[in-house]
1. Which one, 175, 199, 18, is farthest towards the positive end of the dipole of region 9-230 when Lys and Arg carry +1 and Asp and Glu -1 on their Cβ?
2. Indicate the gyration tensor shape class of region 1-58 (rounded, prolate or oblate), computed on the Cα atoms with a ≥ b ≥ c the square roots of the eigenvalues: a/c under 1.5 is rounded; otherwise a/b larger than b/c is prolate and the rest oblate.
3. Determine the distance separating the Cα centre of region 152-214 from the Cα centre of region 225-266; give it in Å without decimals.
4. How high is the FRET efficiency from residue 54 to residue 227, r the C-beta distance, R0 45 Å, rounded to 0.05?
5. With a ≥ b ≥ c taken as the square roots of the eigenvalues of the C-alpha gyration tensor of region 70-112, please select rounded if a/c is under 1.5 and otherwise prolate if a/b is larger than b/c or oblate if it is not?
6. What shape does region 1-113 have by the C-alpha gyration tensor, where a ≥ b ≥ c are the square roots of the eigenvalues, rounded means a/c under 1.5, and otherwise prolate means a/b greater than b/c and oblate the rest?
7. Take each of the peptides 143-149, 89-95, 38-44, average the number of other beta-carbon atoms within 10 Å over its residues, and list them starting from the highest.
8. At 4 °C and 1.567 mPa s, grab the translational diffusion coefficient of the chain from Stokes-Einstein with a Kirkwood Rh over Cα pairs, rounded to a whole number in µm² per second.
Amino acid sequence: MSNNLQLRGVIPPFATPLSDGELDLLGVDRLVEHILEGGVDGLFLLGTTGEGPSLTVRQRYHLIERVCETNRQRVPVLCAISDPSLGEAIELAEHAHGAGAHAVVSAGPYYLPISQQQLAAYCFELADRSPLPVVLYNMPSCTKLTFDMATVEQLADHPNIVGVKDSSGDMDYFYELVDRFGDAEFSLLIGPEENLARAMLCGGDGGVCGGGNLFPQLYVRIVAAARDGDRQRLNALQSLVEEVFATIYFVGDHHPTRILQGVKAALFGLGVCSAEMAPPIAPLADEQLERVAAAARAMRSRVEAAVV
């Protein structure tokens with residue numbers, strides 16, 4: 001088993017281009033190239049931003065194949081395999097391995113609430129049987145399941161478990177991760193992009209930033225500024241992240257899905273792919289869509305000027 005994978009920097013959660021209910025393969029290719037041109041350090045497929053749980057099994061498998069083919073081993077590809085069924089998760093891990101992916105990401109079985117002991121047992125067996133390294137995915141808002149710190153410590157001893165992606169939004173939790181694992185070869189990635197700068201400054205390894213689909217170079221520069229300790233530049237870049245939230249993520253109805261809708265609408269505005277969403281999420285209304293598309297084009301110019 002691979003046990004030396006080091007995940008660092010910006011690893012955007014790849015949005016899934018769709019057309020008439022199917023994968024938009026040319027859109028997938030354009031999005032891969034668009035993100036990689038921004039200098040990112042990896043791609044994360046089938047997560048929340050990628051609408052992974054809303055895709056069919058066939059679409060998930062096909063997306064992994066297409067992205068790996070287009071990526072051509074330029075950066076590590078991570079694939080979410082979270083599933084209530086251990087067998088399904090392992091089958092997807094095996095498919096990802098065969099397609100050329102580099103790691104899998106598991107939030108554990110998310111349907112029926114389970115104990116920490118059961119969660120650890122699930123993850124240990126997954127790590128034993130996965131042909132790829134496993135990253136733990138702490139996403140309690142979606143799974144209603146938290147990786148308690150004692151459980152992470154237990155699982156981190158497994159040679160095929162290589163890190164944590166924390167999307168809890170709880171910075172105290174992330175600070176504790178850094179305190180316990182910051183000196184180990186165990187990757188610590190932050191999910192919420194508004195916390196990327198703080199996560200890097202406290203000793204985190206990188207972030208899985210949804211805005212990396214749109215303006216990857218912005219988040220790459222934030223990581224670089226944090227590593228250099230350049231607080232002035234970091235503050236200026238952080239203000240652009242706040243603008244992304246205000247003009248792209250916070251346009252739809254006051255509901256968590258508006259962030260995903262905003263990402264797709266912005267990708268449409270940037271000419272990468274359509275704004276089509278996987279059901280049950282609908283795209284933004286026409287007026288909102290046009291507003292976000294225009295904002296994305298304006299923001300692109302501002303980001304390009306800021307990251308020179």
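1. Among 175, 199, 18, the one farthest towards the positive end of the dipole of region 9-230 is 18.
2. It is oblate, given that a/c is not under 1.5 and a/b is not larger than b/c.
3. Each part reduced to its Cα centre gives a spacing of 19 Å.
4. Plugging the Cβ-Cβ distance into 1/(1 + (r/R0)^6) gives 0.80.
5. Prolate.
6. Note, shape of region 1-113 comes out oblate.
7. Ranking, from highest mean packing down: 38-44, 89-95, 143-149.
8. Taking Rh from Cα pairs, D becomes 67 µm²/s.
Quick note: the coordinates plus some simple rules give every number you see, no bench work behind them. On a predicted model such as this, the values are computed, not experimentally measured, just so you know. Cβ: placed from backbone, ideal geometry, glycine included. Neighbour counts: every protein chain shown.
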